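**Q** The structure follows.
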C-alpha cells in the first residue's frame with residue numbers, strides 16, 4: 001500500500017438514518033461509513049470515531065478533540081485525514097482546523113446533504129472522492145480543504161450556500177475552487193496564496209465571542225448585553241462595505257474602552273471592506289479611527305472562529321489587529 005488515509009467521523013447527516021418515526025438521526029459510525037469503500041492497491045483506509053452529533057450540536061471542546069485526534073493520526077504515519085461532518089457547521093470546523101493544524105499533509109472535511117436512508121444519499125461518493133484527494137501526491141502544503149460534490153475548496157473560502165442542493169459548498173467572493181474530481185481523477189487549478197495557520201495556545205478555555213448584526217433601526221442593545229456579560233470578543237456584521245447605524249456607536253465606543261476586541265465583517269457575501277471611502281459618522285473610516293478591527297472578506301462565522309483562536313494566545317488587541325489585517329491593511 002502506497003498511501004494510508006484515516007477517516008474520522010463526527011456525525012452529521014452523512015451518518016444519519018431514519019428512525020421509527022421516519023426522522024433522520026445520527027446512527028452510523030466511521031466503520032459503517034467506509035465499509036463500502038474498497039481499499040485499492042495504492043490506498044488503505046482506516047476508520048475512527050471522534051463524536052456522533054448533528055453539526056449544530058458541536059461545541060468547542062469537540063473541535064479541540066477533533067484537532068488532537070487528527071494530529072495523532074498524522075503523527076502515527078497516516079498520509080492524510082478525511083473528516084466526515086454535519087454540513088450545518090462544516091465550514092466553521094474546517095476553518096478552525098486550518099487555523100490550528102501545522103502540517104503539510106492533506107486534511108479533508110466532507111459531509112452529505114442526504115442521509116443514509118435516502119436512495120440519493122451523496123455521502124459515499126463524497127467520502128470516496130475525499131479519500132482520492134487526500135491520497136493525491138500533489139496535495140501538500142495546501143491547507144485544510146472541503147471536498148463536496150466533486151469540488152475541492154480551501155477551508156477559508158468554503159461556505160454553505162444552499163440548504164439542500166448537492167453542490168451546496170461554494171467559494172465566497174471570487175476565490176474559486178482549488179480543483180475538482182472528474183472520472184476518478186483529481187484535477188488542480190491553484191494553491192492557496194497563504195497559510196492560515198495561527199496555532200491554538202490555550203485549548204482548555206472556550207473564549208466567548210458573540211456575533212452582532214447591523215440593520216435598519218439597530219442600536220446598542222445587543223452590544224451592551226455582550227459588554228455587560230463580559231464577553232471576550234465581538235464580531236460586528238456591518239452593512240455594505242463597513243457601515244453601522246449611528247445609534248450603535250456609543251456601545252461600540254464602550255466596548256473599545258473596555259478592551260474588548262471588536263472585529264468588523266460585512267453583510268454582502270461578495271467584495272471586501274472599504275478603508276477610507278466614506279466619511280460620515282458610522283462609516284468604515286469612522287470605525288477604523290475608533291479602533292475596530294477589520295476582517296477584510298471573511299464571513300462573520302469564520303471571523304468569530306479566528307478571533308476565538310487568537311484569544312487563546314493571551315495577547316492584546318494590537319496583536320489581534322495585526323493578525324487580522326496584516327495581509328490587507330498593514
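**Q** Name the residues in the range 212-226 that are in contact with a strand residue (DSSP E or B) (Cβ under 9 Å, 6 or more places away or on another chain) and crowded, with 18+ Cβ neighbours inside 10 Å, would you?
**A** Passing the criteria: 212, 214, 223, 226.
**Q** Same structure again: What single numbered condition from (1) assigned by TED's automatic domain parsing to the domain that holds residue 287; (2) under 27 Å from residue 108 (Cβ atoms); (3) assigned to a loop (DSSP other than H, G, I, E, B) fails to hold for residue 265?
**A** (3)
**Q** Which one of these is free of Cβ contacts under 8 Å to residues at least 24 places away in the same chain, in the same structural domain as residue 73 (by TED's automatic domain parsing) and within 27 Å of the chain's Cα centre (by Cα): 49, 31, 21?
**A** 31
**Q** Further question: Return only the number of the condition from (1) assigned to a loop (DSSP other than H, G, I, E, B); (2) out of contact with any helix residue (DSSP H, G or I) (no Cβ under 6 Å at 6 or more places or on another chain); (3) touching a residue at least 24 places away in the same chain (Cβ under 8 Å); (4) not assigned by TED's automatic domain parsing to the domain that holds residue 316 that residue 180 does not satisfy.
**A** Condition (1) is where residue 180 drops out.
**Q** Can you tell me which residues in the range 186-196 are within 13 Å of residue 152 (Cα to Cα) and either touching a strand residue (DSSP E or B) at 6+ places or on another chain (Cβ under 6 Å) or loosely packed, with under 10 Cβ neighbours inside 10 Å (or both)?
**A** Correct list: 187, 188, 189, 192.
**Q** Name, by its number, the condition in (1) under 25 Å from residue 199 (Cα atoms); (2) surrounded by 23 or more Cβ atoms within 10 Å (Cβ to Cβ) that does not hold for residue 113.
**A** (1)
**Q** When you go through 201, 128 one by one, which is the residue that is closer than 17 Å to residue 8 by Cα and either assigned by TED's automatic domain parsing to the domain that holds residue 300 or out of contact with any helix residue (DSSP H, G or I) (no Cβ under 6 Å at 6 or more places or on another chain) (or both)?
**A** None of the others qualify; the one that does is 128.
**Q** Please indicate, with yes or no, whether at least one residue in the range 163-171 is under 19 Å from the mean Cα position of the chain (by Cα) and more than 26 Å from residue 27 (Cβ to Cβ).
**A** yes
**Q** If you take the residues of the range 275-296 that are in a helix (DSSP H, G or I) and over 28 Å from the mean Cα position of the chain (by Cα), which of them is nearest to residue 235 (Cα to Cα)? Break it down into steps so the answer makes sense when it comes.
**A** Initially, the range 275-296 is screened for residues in a helix (DSSP H, G or I), giving 284-290.
This time we only want the ones that are over 28 Å from the mean Cα position of the chain (by Cα), so: 285-286, 289-290.
On the way: 285: 17, 286: 17, 289: 17, 290: 15 Å.
Per the criteria, the residue is 290.
**Q** Additional query: From 103, 89, grab the single residue that is in contact with a helix residue (DSSP H, G or I) (Cβ under 9 Å, 6 or more places away or on another chain) and under 24 Å from residue 160 (Cα atoms).
**A** The match here is 89.
**Q** For the range 297-312, check the following and say yes or no: at least one residue is more than 26 Å from residue 101 (Cβ to Cβ) and part of a helix (DSSP H, G or I).
**A** No, because not a single residue in the range 297-312 is more than 26 Å from residue 101 (Cβ to Cβ) and part of a helix (DSSP H, G or I).
**Q** Determine which single condition residue 239 fails, assuming it passes every other condition in (1) in contact with a helix residue (DSSP H, G or I) (Cβ under 8 Å, 6 or more places away or on another chain); (2) at pLDDT 95 or above; (3) crowded, with 16+ Cβ neighbours inside 10 Å.
**A** Going through (1) in contact with a helix residue (DSSP H, G or I) (Cβ under 8 Å, 6 or more places away or on another chain); (2) at pLDDT 95 or above; (3) crowded, with 16+ Cβ neighbours inside 10 Å one by one, residue 239 breaks only (1).
**Q** Let me ask you something else. Look through 272, 238 and report the one residue that is touching a strand residue (DSSP E or B) at 6+ places or on another chain (Cβ under 9 Å) and part of a strand (DSSP E or B).
**A** The match here is 238.
The values are calculated or read from the model by the stated rules, or taken from the named source; none is laboratory data. Note that the coordinates shown come from a computational prediction; the quantities given were computed from them, not determined experimentally. Glycine gets a Cβ as well: all are built from the backbone with ideal geometry, and neighbour counts include every protein chain shown.
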